[in-house]
Every structure is written in C-alpha cells, then in structure tokens.
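Student: Next up is a structure, given as structure tokens.
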Amino acid sequence: MKKHNFNAGPSILPREVIEKTAEAVLNFNGIGLSILEISHRTKDFEAVIDEAAVLFKELLDIPSGYSVLFLGGGASLQFCMVPYNLMEKKAAYLNTGTWASKALKEARAFGEAVEVASSKEANFNFIPKNYTVPQDADYFHITTNNTIFGTEIHKDLDSPVTLVADMSSDIFSRPVDVSKYGLIYGGAQKNLAPAGVTFVIVKDEILGKVSRHIPTMLDYRTHIAENSMFNTPPVLPIYSAMETLRWLKSIGGLKEMEKRNIAKAKLLYDEIDRNRLFVGTAKEEDRSLMNICFVMKPEYQALEGDFLKFAQSNGMVGLKGHRSVGGFRASTYNALPIESVQALVDCMKEFEKAN
Ligand SMILES: *Cc1c(COP(=O)(O)O)cnc(C)c1O
C-alpha cells in the first residue's frame with residue numbers, strides 16, 4: 001500500500017533526492033567509488049558543498065555580506081553557539097515552545113537572557129504579539145515554526161536589535177527576507193536533508209564583538225574561514241541537501257513552494273474545521289503550514305485510538321501527536337505531495353461517516 005509520510009522529523013524527502021543519494025552512495029559522479037569512501041577534500045566533494053552554498057544563496061536571495069555554513073551538532077548545538085558568539089551581556093528570547101525554551105535555557109549560562117513573552121500558560125497554542133525587545137539586547141531570538149505545537153511566525157519580524165531565528169522546521173517553505181536577520185540556523189532533518197547537518201546563515205559583521213574566548217570549533221569565524229571544512233563535514237547529508245535544493249529550484253523556487261504549502265495546509269485545516277469530530281489546537285492566525293496539530297473534540301475523545309488505527313490501515317504514517325499536545329500532528333513539509341493530504345482528508349471524512 002502507498003505510504004503517506006506525515007513524520008515530524010526526520011521526515012519525508014523528495015523521492016528523487018533519496019534516489020540520487022542512493023546513487024551517490026553506490027557510485028558517486030561515476031568515479032567508481034562511493035561518496036562514503038573518498039576524502040571531503042576531493043574536487044568532486046568540494047563541488048557539492050560549493051553548489052549547496054550557492055543554491056542556498058540563490059533560493060533564499062541572500063544578500064552579500066552573509067556566509068552559509070554546514071556544521072554538525074544539530075540545531076541544539078546552535079542554542080549554545082549563538083550566545084557564545086553573540087551575547088556579551090544580554091539577549092532577548094521569545095518563548096513559543098519546547099525548542100524556544102531550550103534555546104532560552106542554554107543562553108542563561110552566558111548572561112542575562114530575557115524572556116520578552118511566552119505562550120506557555122496556553123500550552124504554546126499561539127504566538128505572543130505585544131512585547132518589547134530591550135534596545136540594549138545583543139540579539140533577539142525567535143523560533144519561526146514551532147514543530148511540536150503547530151504555530152508559526154508567518155512574517156519576517158522587524159527587530160530593533162540583531163534578529164536570530166531557529167528555522168529548523170520551516171526553512172525553504174517560503175521566501176524569507178534574509179536582510180532582516182543577523183543569523184538563521186536549523187537542523188536539516190525536517191525540510192532539507194537526512195539528520196546530521198546543521199545550516200547556519202550568518203551576517204559576517206555581527207561576529208567578533210564579544211570579549212569571551214570562543215573555542216575554535218564553536219567559533220563561526222573558524223567555519224567561515226575554512227568554507228565549512230575546518231574538520232570533516234557531514235558529507236552525505238550535505239550531498240542530499242544539495243539535491244533537495246536542486247529539486248526546489250526545478251519546481252520553481254520558494255514562491256512556488258509557498259503556494260503549494262499554503263494549498264496543502266488549507267486543504268487540511270478546512271477539513272479539521274468542517275469535520276464534526278476534530279478540532280485544531282493552534283490559534284487560527286498562528287497556524288503552522290508545516291505541522292498541523294489537531295485533536296478529537298472532547299465528546300469524541302474515546303475515538304482517538306480508533307482514528308489512529310483507521311488512518312494507519314489506510315497508509316498514514318507518523319500522525320500521532322507529540323505527547324505535550326496529544327491527538328494528531330500531520331507534518332506537511334515541502335516534500336509531502338498534496339495527494340497525501342487529500343488521502344488524510346478522505347480518511348477523516350470516512351471516519352466521520354462511520355462514527
Ligand atoms: C527539531 C528541532 C530542533 C532540534 O534539532 P536537532 O537538530 O535535533 O538538535 C530545534 N528547533 C526546532 C524548531 C526543531 O524543529
């Protein structure tokens with residue numbers, strides 16, 4: 001049976017990216033060797049990392065003066081690298097979920113990390129809007145898409161200080177005005193590549209301003225100077241990322257991607273709102289286009305397990321909600337085709353009829 005992959009992360013990748021990666025594992029560029037068994041300092045691999053960086057710049061329209069890095073350690077290491085490199089005394093954080101809370105907690109080890117607002121009291125079901133970012137903060141940190149709670153900041157914010165964003169789960173889902181950000185980072189395993197590589201887009205001029213000593217591996221300037229090759233980079237995930245970026249370009253870039261993502265999300269949210277059995281958990285204006293969270297209405301709560309089983313028997317994978325929200329989460333990342341969303345909607349309709 002056809003599987004419809006709604007996994008939250010690691011998650012669906014375009015089929016052709018997986019096929020091209022498999023090919024490179026067997027016989028990279030026709031050289032008769034696997035990409036797994038050659039030096040990262042070969043011309044063949046340098047071309048991969050260079051093309052990946054060029055496609056990053058092209059697809060996101062990154063202005064000059066920014067560097068694109070491919071690092072290890074996951075988005076979680078960035079929770080520490082960001083304050084290490086950017087916080088002298090004080091930084092501001094918008095607390096919109098589990099990942100934002102972890103970033104904030106890590107920053108507290110480096111100085112005064114101010115929580116400007118939080119939606120924790122409402123189980124993070126909305127994005128706070130009225131808050132003040134202190135003018136003397138070294139940066140303001142946001143999480144643009146809250147993977148667990150299904151909320152998203154849909155616009156590039158204006159910030160009075162350097163804006164830093166965790167875009168792990170919505171990078172490349174829409175065009176971004178990179179010039180409004182000082183630094184953007186994310187783990188690749190939601191919307192870009194297999195687990196193992198972390199991307200960082202950083203405005204060069206914001207670096208070198210803190211007085212603390214930064215260990216070599218944690219200093220962004222090390223990786224800028226060495227073109228992400230100070231040490232051995234995560235070779236295979238970078239290869240897959242390059243193929244995903246080629247795929248994004250081939251379908252028409254981020255405007256087209258955004259159009260498709262809006263259409264997919266609308267299809268599912270419309271059904272959640274129409275269907276007698278289900279209700280969405282996120283406040284409407286903040287609903288994520290990438291992670292769509294919904295639960296059974298209280299009077300139908302007993303049907304939750306039955307619906308999961310029914311959906312599974314129809315090929316749906318990864319629909320169980322995160323334990324902190326419960327219910328269901330359909331991740332509708334870039335690579336998920338609208339046909340899979342339609343299949344889920346059909347399941348929901350059928351289940352409503354039977355109950
Ligand atoms: C998954 C996720 C992370 C954690 O990423 P790792 O690469 O596993 O450290 C951080 N932030 C967001 C928004 C995520 O979705």
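Read the figures in this text as sums done on the coordinates, not as results from a lab. Small disclaimer: the values here were computed from a predicted structure and weren't measured. Ideal geometry is used to build each Cβ from the backbone, glycine not excepted, and the neighbour counts take in all protein chains shown.
Student: When you go through 45, 28 one by one, which is the residue that is under 27 Å from residue 169 (Cα atoms), buried (at least 17 other Cβ atoms within 10 Å of the Cβ) and touching a residue at least 12 places away in the same chain (Cβ under 8 Å)? Can you show your working first?
Tutor: Values: 28 fails: under 27 Å from residue 169 (Cα atoms).
None of the others qualify; the one that does is 45.
Student: What single numbered condition from (1) outside any helix (DSSP H, G or I); (2) more than 28 Å from residue 65 (Cβ to Cβ); (3) more than 14 Å from the ligand (Cβ to nearest atom) fails to hold for residue 154?
Tutor: (2)
Student: While we're on this one: Looking at 56, 6, can you tell me which residue is closer than 21 Å to residue 170 by Cα, more than 16 Å from the ligand (Cβ to nearest atom) and either under 17 Å from the mean Cα position of the chain (by Cα) or surrounded by fewer than 21 Cβ atoms within 10 Å (Cβ to Cβ) (or both)? Please lay out each step first, then the result.
Tutor: On the way: 6 fails: more than 16 Å from the ligand (Cβ to nearest atom).
Matching residue, one of 56, 6: 56.
Student: Can you tell me which residue among 92, 100, 75, 165 is surrounded by 18 or more Cβ atoms within 10 Å (Cβ to Cβ), outside any loop (DSSP other than H, G, I, E, B), more than 15 Å from the ligand (Cβ to nearest atom) and not acidic (Asp, Glu)? Reasoning before the result, please.
Tutor: Values: 100 fails: more than 15 Å from the ligand (Cβ to nearest atom); 75 fails: more than 15 Å from the ligand (Cβ to nearest atom); 165 fails: more than 15 Å from the ligand (Cβ to nearest atom).
Matching residue, one of 92, 100, 75, 165: 92.
Student: Another one. Just checking, how many residues over segment 135-151 are assigned to a loop (DSSP other than H, G, I, E, B), polar (S, T, N, Q) and near the ligand (Cβ under 10 Å from one of its atoms)?
Tutor: In the first step, residues of segment 135-151 are kept if they are assigned to a loop (DSSP other than H, G, I, E, B); the result is 135-139, 144, 147-150.
After this cut, where a residue has to be polar (S, T, N, Q) as well, the list is 135, 144, 147.
Narrowing further to those that are near the ligand (Cβ under 10 Å from one of its atoms): 144, 147.
Residues in segment 135-151 being assigned to a loop (DSSP other than H, G, I, E, B), polar (S, T, N, Q) and near the ligand (Cβ under 10 Å from one of its atoms): 2 in total.
Student: Collect the residues in segment 297-333 that are in contact with a helix residue (DSSP H, G or I) (Cβ under 8 Å, 6 or more places away or on another chain) and surrounded by 20 or more Cβ atoms within 10 Å (Cβ to Cβ), keeping them in residue-number order.
Tutor: 307, 311, 316, 319, 327, 328, 330, 332
Student: Pairs only if they're at least six apart or on different chains, beta carbon under 6 angstrom, first in segment 132-156 and under 30 Å from residue 329 (Cβ atoms) and of a type in the set (Asp, Glu), second within 11 Å of the ligand (Cβ to nearest atom) and in a strand (DSSP E or B); list them, first residue then second.
Tutor: 152/145
Student: Filter segment 218-253 down to the residues that are out of contact with any Leu (no Cβ under 7 Å at 6 or more places or on another chain), touching a residue at least 24 places away in the same chain (Cβ under 8 Å) and not in a helix (DSSP H, G or I) and list them by number.
Tutor: Answer for segment 218-253, where residues must be out of contact with any Leu (no Cβ under 7 Å at 6 or more places or on another chain), touching a residue at least 24 places away in the same chain (Cβ under 8 Å) and not in a helix (DSSP H, G or I): 219, 227, 229, 232, 233, 234.
Student: Under 16 Å from residue 4 (Cα atoms) and out of contact with any Ser or Thr (no Cβ under 6 Å at 6 or more places or on another chain) - does that describe any residue in segment 271-283?
Tutor: Filtering segment 271-283 down to residues under 16 Å from residue 4 (Cα atoms) leaves none.
No: segment 271-283 contains no residue that is under 16 Å from residue 4 (Cα atoms) and out of contact with any Ser or Thr (no Cβ under 6 Å at 6 or more places or on another chain).
Student: Follow-up. When the residues of segment 168-179 are narrowed to those that are among the small types (Gly, Ala, Ser) and within 14 Å of the ligand (Cβ to nearest atom), which ends up farthest from residue 99 (Cα to Cα)?
Tutor: If we take residues in segment 168-179 being among the small types (Gly, Ala, Ser) and within 14 Å of the ligand (Cβ to nearest atom), then 173 is farthest from residue 99 (Cα to Cα).
Student: When segment 14-23 is examined, which residues are found to be under 19 Å from residue 188 (Cα atoms) and part of a helix (DSSP H, G or I)?
Tutor: Looking only at segment 14-23, we keep the residues that are under 19 Å from residue 188 (Cα atoms), and these are 14-22.
Correct list: 15, 16, 17, 18, 19, 20, 21, 22.
Student: Shifting gears a bit: Return the only residue of 187, 182 being surrounded by 15 or more Cβ atoms within 10 Å (Cβ to Cβ) and within 16 Å of the ligand (Cβ to nearest atom). Reasoning before the result, please.
Tutor: Details: 182 fails: within 16 Å of the ligand (Cβ to nearest atom).
Only one candidate qualifies: 187.
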